[in-house]
Amino acid sequence: MIQRLSQYRVMWVMVFFDLPTTSKKEKKAYMSFKKSLQKDGFTMFQFSIYVRNCASMENANVHMKRVKGFLPEVGNVCIMCITDKQFGDIEVFIGKRPAPPNSPGYQLELF
């Protein structure tokens with residue numbers, strides 16, 4: 001039986017970060033963290049906010065665990081998981097004008 005994807009089952013993992021970049025070592029850690037996020041399928045939503053679409057909460061937990069595995073030594077990182085429905089309700093503005101909704105395509109994952 002094929003289970004339909006529900007707006008309440010599909011999840012979005014959001015990673016918010018504020019990392020220092022004053023020294024060469026800190027800049028390297030910052031770039032390494034961003035590259036690790038991108039390698040794990042995250043895309044930039046804003047400069048310090050990356051998002052990833054996941055088919056289920058179980059899949060989201062896998063990616064949240066991966067992010068925790070490559071956290072930098074210093075700085076602030078927050079991880080939040082929301083439903084596809086909640087993500088779809090985000091209002092984005094460019095200046096005072098509403099921007100079209102951000103809708104990255106679904107990813108095929110093989111386990």
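Here are some notes:
- Here is the list for region 44-101: GluC sites (Glu not before Pro) lying in DSSP coil, each with at most 11 other C-beta atoms within 10 angstrom of its C-beta, are E73, E91.
- Of the chymotrypsin sites (Phe, Trp or Tyr not before Pro) found in region 1-102, those that fall in a DSSP loop while having at most 11 other beta-carbon atoms within 10 Å are Y8, F47.
- For the residue pairs K27/K85; K65/K96; K35/K85, the C-alpha atoms sit more than 32 angstrom apart in K27/K85; K65/K96.
Laboratory data are not the source of any read-out in this text; all were calculated from the coordinates shown. Since we're looking at a predicted model, the values are computed, not measured. Positions of Cβ are backbone-derived with ideal geometry, glycine not excepted, and every protein chain shown enters the neighbour counts.
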